[in-house]
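The structure appears below as structure tokens.
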Amino acid sequence: MSTSATQKPAGFLTFTLHAHLPYVVNHGTWPHGMEWLHEAAAETYLPLLRVLSKLEQDGIGLRCNLNLSPILLEQLSHPVFIAEFPKYVTRKIVSAREDEAFFTQSGEAHYAETARFWLKFFEQALADFEALGGSIIEGFKHFHQAGLIEIITCGATHGYLPLLGTDESVRAQVRTAVETHIKHIGEHPKGIWVPECGYRPAGFWSYPVPNADGSPTPPGFDRIGVEQALSESTLNYFFVDTHLVEDSQRIPSPYLLLNGEVVEDAERLEQRHPDDRSLYHPYFVDGPYDKRYAATIFPRDPRTGIQVWSGDNGYPGDGNYVDFHKKRWPGGHRYWRVTGARVDMGDKAPYYPQEAAERVKGHASHFVHLVHQALKSSFDDDVPPILCSPFDAELFGHWWFEGPLWLEAVARTLHDYPCGVELISCSNYLAQYPRAGFIAMHEGSWGAEGTNQVWMNPETSWTYTHIYPAELYTRDVCTAGRWRESELGTRIVKQLCRELLLLESSDWQFLITTGAARDYAELRFLTHNDQFLELKGVWQAYEKDGELNEHQSGRLQAIELRDGIFADINPEFWAAGARATRAGAGESMAVASPS
């Protein structure tokens, strides 16, 4: 029986799953490239859909906020992925059968049984994919429309907003994201996963590196805050890391709005939440923008997060779970368990799926207990607290194979054993309860040290020496407007914008810094930079002659074929001063009265 059937919830838990991969279609297969997308689909997205389906059958909702990043939506709907994924899964099925035959002939009955486990797993993936007609997106849309999850958006190509070099580029990442979300999901998103939880307030900003092309570095200028770009695009909420709230300056609320009118000042809020910097309430973000449409932040809870993120001290490090790193080639299936902390690869013990599934239940109960402990001191508050647990979606299933089962077990535990805590999506919470006030935050992220250093450091700063002049050039071309004069001009500039978006992807700096796939990331960045410069030359030839020669036309077509994402991309988004305007002059964001 759920809590709602007996009493008002005393507190809430909201999971946020960030599903994202850099653009890999037409850019390599293995070990880096399409293999990443296939693995994520087979091991995370389809298993998550199975979990949601099982919960739905029993009248239970995970109620999570699921970000399907715009570039991931473009890839999941890409004809190349839809055609290639069944072939990938079929290869996994064949290799599982070959493993089973090998282990059976070797007299290793348990490993043969595990091979049959993988055979069934991938046969199920193929069956599910075919049942969806090849559309994983449609699968998630079903649960979104049923109110069992809420699909939100992200930056178009996961550009790291605090380091982008023009306000137009920040806005274009957001505006392109919203348009892509509407195209695939069918409605405007309410929330956004700001890439890397990266935040920058409004204020003076200077370019941190010179331009690689030798052009003068522009002077510093006053920038908008991230929250303004989100508010302009009618995005109500986003997520920030713990320290941005703990270190924030408490801002007296100038007004809270109900139906567009001032209803009270900050004094009453301060009486409700005296002096505390609670991580279990959402806040309006202060700044020099129209606060009638103020954006809201949800802080990440650190205590519960480490239990899920940590491979050493958290649940994924349990000895019973399948070991991610040790695989049997050529098929790549995993037959060994974690066994213990820092156990050598050669000493890994056999994996028992049934035992792992039992451990999931205990870890789910432990997590629910942690959530209860974190919230219980606020259970008697007028406004129930909410604990926000954000994670990369690919953690569940791909990195931690049993992760989807764990999510299901948490949902079932909260449903079957009422403890005063219920699952809820962020927008549903905001529709019922007020924010805890306005806060002003400093710049930061959820990356190492809470700063920009993962993306801007001695190993990655060279990438920005190319990004900044590309952003400035794109703004100039889009502002001048000649591209509107012909279909060919529009084609060229649309592809120029696409290459800029791909150049801005924060994944390249992340992979370089972590060393996870440095060579691939550097190659990809340089590929998009080369193509951007080539398109720049194509545009200049068009400006001069009004047409293209055969070689230029062929190259434009080849680049479009390779990187033809965001079919309806709008170069107007990059024009100087361009911004989204909220639909309807009288529109205001719903604010619950803190009575």
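The values are calculated or read from the model by the stated rules, or taken from the named source; none is laboratory data. Quantities reported herein were computed from a predicted structural model and do not represent experimental measurements. All Cβ positions, even for glycine, are placed from backbone atoms using ideal geometry, and neighbour counts span all protein chains on display.
Do we have His415 as farther than 30 Å from Ala202 by Cα and not in a loop (DSSP other than H, G, I, E, B) here? Spelling it out, His415 is indeed farther than 30 Å from Ala202 by Cα and not in a loop (DSSP other than H, G, I, E, B).
Condition check ((1) in the same structural domain as Glu113 (by TED's automatic domain parsing); (2) at pLDDT below 95; (3) among the charged types (D, E, K, R)) across all residues:
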residue	(1), (2), (3)
Gly319	no, no, no
Lys326	no, no, yes
Arg334	no, no, yes
Arg337	no, no, yes
Gly340	no, yes, no
Glu358	yes, no, yes
Leu370	yes, no, no
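In this structure, does Glu98 turn out to be under 22 Å from Gly515 (Cα atoms) and either outside any helix (DSSP H, G or I) or not assigned by TED's automatic domain parsing to the domain that holds Ala567 (or both)? Answer is no for this residue. Does the range 75-92 contain at least one residue that is more than 23 Å from the chain's Cα centre (by Cα) and among the hydrophobic types (A, V, I, L, M, F, W, C)? Checked against the condition, which is being more than 23 Å from the chain's Cα centre (by Cα) and among the hydrophobic types (A, V, I, L, M, F, W, C), the range 75-92 yields at least one hit.
Only a single criterion out of (1) in contact (Cβ under 8 Å) with a residue 60 or more places away in the chain; (2) within 23 Å of the chain's Cα centre (by Cα) is not satisfied by Leu503, namely (1).
For the structure I just gave you, tell me whether Leu52 is part of a loop (DSSP other than H, G, I, E, B), in contact (Cβ under 8 Å) with a residue 24 or more places away in the chain, buried (at least 20 other Cβ atoms within 10 Å of the Cβ) and assigned by TED's automatic domain parsing to the domain that holds Leu148. Considered against the rule, which asks whether it is part of a loop (DSSP other than H, G, I, E, B), in contact (Cβ under 8 Å) with a residue 24 or more places away in the chain, buried (at least 20 other Cβ atoms within 10 Å of the Cβ) and assigned by TED's automatic domain parsing to the domain that holds Leu148, Leu52 comes out as no. The set of residues in the range 437-451 being surrounded by fewer than 21 Cβ atoms within 10 Å (Cβ to Cβ) and under 18 Å from Ser169 (Cβ atoms) consists of Glu443 alone.
Checking each residue in the range 280-327 for being free of Cβ contacts under 8 Å to residues at least 40 places away in the same chain, more than 17 Å from Glu394 (Cβ to Cβ) and either in contact with a helix residue (DSSP H, G or I) (Cβ under 7 Å, 6 or more places away or on another chain) or surrounded by 23 or more Cβ atoms within 10 Å (Cβ to Cβ) (or both) picks out Asn313, Asn320, Lys326. Scanning the range 1-31 for residues that are outside any helix (DSSP H, G or I), at pLDDT below 95 and over 28 Å from Trp329 (Cβ atoms) returns Met1, Ser2, Thr6, Gln7, Lys8, Pro9.
Among the conditions (1) buried (at least 24 other Cβ atoms within 10 Å of the Cβ); (2) touching a Ser or Thr at 6+ places or on another chain (Cβ under 9 Å); (3) over 19 Å from Ile569 (Cβ atoms); (4) aliphatic (A, V, I, L, M), the only one that Ile192 does not satisfy is (3). Within the range 26-81, the set of residues being under 18 Å from Glu138 (Cβ atoms) and among the polar types (S, T, N, Q) comprises Thr44, Ser53, Asn67, Ser69, Gln75, Ser77. Filtering the range 437-464 to residues that are in contact with a Gly (Cβ under 7 Å, 6 or more places away or on another chain) and assigned to a helix (DSSP H, G or I) leaves only Gly450.
With the condition kept exactly as written, say whether any residue in the range 498-520 is surrounded by fewer than 17 Cβ atoms within 10 Å (Cβ to Cβ), more than 18 Å from Pro162 (Cα to Cα), touching an Asp or Glu at 6+ places or on another chain (Cβ under 8 Å) and modelled with pLDDT of 95 or more. There is no residue in the range 498-520 that is surrounded by fewer than 17 Cβ atoms within 10 Å (Cβ to Cβ), more than 18 Å from Pro162 (Cα to Cα), touching an Asp or Glu at 6+ places or on another chain (Cβ under 8 Å) and modelled with pLDDT of 95 or more.
Residue count for the range 395-421 satisfying the condition of being in contact with a Ser or Thr (Cβ under 7 Å, 6 or more places away or on another chain) and surrounded by 22 or more Cβ atoms within 10 Å (Cβ to Cβ): 2.
Within the range 339-391, track down each residue that is of a type in the set (Lys, Arg) and under 31 Å from the mean Cα position of the chain (by Cα).
Arg342, Arg359, Lys361, Lys376
Within the range 364-384, the set of residues being in contact with a helix residue (DSSP H, G or I) (Cβ under 8 Å, 6 or more places away or on another chain) and either loosely packed, with under 15 Cβ neighbours inside 10 Å or part of a helix (DSSP H, G or I) (or both) comprises Ala364, Ser365, His366, Phe367, Val368, Leu370, Val371, Ala374, Asp382. Here the range 424-436 is the region considered, the condition is being surrounded by 22 or more Cβ atoms within 10 Å (Cβ to Cβ) and either part of a strand (DSSP E or B) or small (Gly, Ala, Ser) (or both), and the residue that is modelled with the lowest pLDDT is Ala436.
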